[in-house]
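Asks: I am attaching a structure below and will ask some questions about it afterwards.
Bear in mind that the values in this text are calculations on the coordinates, not laboratory data. Everything numeric in this text was worked out from a predicted model, so none of it was measured. We place every Cβ from the backbone using ideal geometry, glycine too, and count neighbours over all the protein chains shown.
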Ligand code: HEM
């Protein structure tokens, strides 16, 4: 059967630049980006490991941007922007956790085929990930020590560790809105891990009970809780992949591996918002 020639109308033919440039490639800097996927071995599974790592670092970078904006909005008392920004972050967090799917079938034999090629490299050394943990208030003493030999990275992270977390910002907001937050919580040394305080829990309880007047603060607390929960989900998925790909063997950074990760996997970021649930009647 003869087929009729296809005539593309101006409407159906996508536009391209008249000067021959590929503006899509230029905008997304694809020539540079797509030069960066260079596995160190011929092992078939290495490319998926490398690309998932790069994709996750991009999402870490995006989340850092969103959470720093959310923190600034909370400190400014702009709760609407803070909640919208945290919610945009939730989408990125879900995509981040979903990205583990590309590694879900990795076997120990497939992983061992390229594992030696990256030496002692480990996600523990990820600067972007550490920014996220610090923004969530998780300020482990070991976290800055990892970057001792790269003073520029350490200084950048120290600045983040000295700044208020998302939750510190929220406590300042509660205080500004008239809730009783003790001054030692408002002026504490941020480098020291915040472990929760019953007086802050009582303030959140009062926020929830007075919902009519402070519904935006309830939205903020819920958005923060959703953020915390999603971070735990990412870590749980990581741990499952680790168990599957390397069992209980030590990690490349020299930790005990899965056992070390397991200790931190159920961290309750923003602990007061979890304690609140112990006595919460709503
Ligand atoms: C087969 C895949 C993977 C395995 C078996 C694995 C294994 C491990 C292990 C054993 C640790 C503990 C530290 C150590 O001794 O190395 C660790 C930490 C970490 N990994 Fe992975 N990992 C994998 C993939 C990834 C990917 C794709 C990322 C994304 C960037 C990532 C990010 C991290 C982070 C951020 C930490 C530090 C966690 C913390 O400080 O709590 N991992 N990983």
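Asks: Relative contact order (percent) for the chain, with alpha-carbon contacts under 8 angstrom and 6 or more residues of separation?
Replies: 21
Asks: At 7 Å along Cα-to-Cβ for each site, give me the label-to-label distance between residue 53 and residue 156 in nm.
Replies: Each label point is offset 7 Å from its Cα along the Cβ direction, giving 1.7 nm.
Asks: What ranking do 28-35, 69-76, 246-253 get when scored by the average of other Cβ atoms within 10 Å per residue, highest first? The partial results should precede the final answer.
Replies: Details: 28-35: 10.1, 69-76: 19.6, 246-253: 14.8.
Order by mean packing, descending: 69-76, 246-253, 28-35.
Asks: Sum -39500 (n - 2.57) across every DSSP H segment of at least 4 residues in the chain, then divide by the residue count to get the 222 nm mean residue ellipticity, nearest 500. Numbers along the way, then the final one.
Replies: On the way: 14 runs with 168 residues, N = 282.
Calculated from helices alone, the mean residue ellipticity at 222 nm is -18500 deg cm²/dmol.
Asks: What does the extension gain come out to for residue 232 and residue 19, with contour length at 0.36 nm per residue minus their alpha carbon separation?
Replies: Residue separation times 0.36 nm, minus the Cα-Cα distance, leaves 71.8 nm.
Asks: Moving on to the next point. At 0.36 nm per residue, minus the direct Cα-Cα distance, what do residue 75 and residue 215 gain on full extension? Give it in nm, one decimal, please.
Replies: Value of the extension gain: 48.6 nm.
Asks: Follow-up question, since we're still on this one. At 0.36 nm per residue, and after removing the present C-alpha to C-alpha distance, how many nm does the segment from residue 186 to residue 11 gain when stretched out fully?
Replies: Details: separation 175, 0.36 × 175 = 63.00 nm, distance 5.96 nm.
Gain on extension, residue 186 to residue 11, equals 57.0 nm.
Asks: Please state the shape class of segment 74-147: rounded when a/c is under 1.5, otherwise prolate if a/b exceeds b/c and oblate if not, all from the C-alpha gyration tensor.
Replies: Values: a/c = 4.55, a/b = 1.64, b/c = 2.78.
Here segment 74-147 falls in the oblate category.
Asks: For a footprinting-style exposure proxy, rank 52, 242 by other Cβ within 10 Å, fewest first. Please report the intermediate quantities before stating the final value.
Replies: On the way: 52 17, 242 20.
So the residues, fewest neighbours to most, are 52, 242.
Asks: Neighbour counts of other C-beta atoms within 10 Å: give me 94, 272 arranged from fewest to most. List each step's numbers first, then the result.
Replies: Working: 94 13, 272 24.
Fewest-to-most Cβ neighbours within 10 Å comes out as 94, 272.
Asks: By count of other Cβ within 10 Å, fewest leading, how are 134, 60, 270 ordered? Can you show the working numbers first?
Replies: Working: 134 26, 60 20, 270 23.
Fewest-to-most Cβ neighbours within 10 Å comes out as 60, 270, 134.
Asks: In a Gaussian network model over the chain where Cα atoms closer than 10 Å are linked, find which of 128, 154, 93 has the largest mean-square fluctuation.
Replies: Highest fluctuation among the options: 154.
Asks: In vacuum, with every alpha carbon of the chain counted as one equal point scatterer, what does the Debye formula give for log10 I(q)/I(0) at q = 0.10, 0.12, 0.13, 0.14 Å⁻¹? Two decimals, please.
Replies: -0.65, -0.86, -0.97, -1.07
Asks: Does segment 1-126 come out rounded, prolate or oblate, given a ≥ b ≥ c as the square roots of the eigenvalues of its C-alpha gyration tensor, rounded meaning a/c under 1.5 and, failing that, prolate meaning a/b above b/c? Could the numbers behind the result be given before it?
Replies: Working: a/c = 2.23, a/b = 1.13, b/c = 1.97.
Cα axes put segment 1-126 in the oblate bin.
Asks: Follow-up question, since we're still on this one. Rounded if a/c is under 1.5, else prolate if a/b is larger than b/c, else oblate: which is segment 137-282, with a ≥ b ≥ c the root eigenvalues of its Cα gyration tensor? Walk me through the numbers before you get to the answer.
Replies: Details: a/c = 2.85, a/b = 1.58, b/c = 1.81.
Judged from the Cα gyration tensor, segment 137-282 comes out oblate (a/c at least 1.5, b/c at or above a/b).
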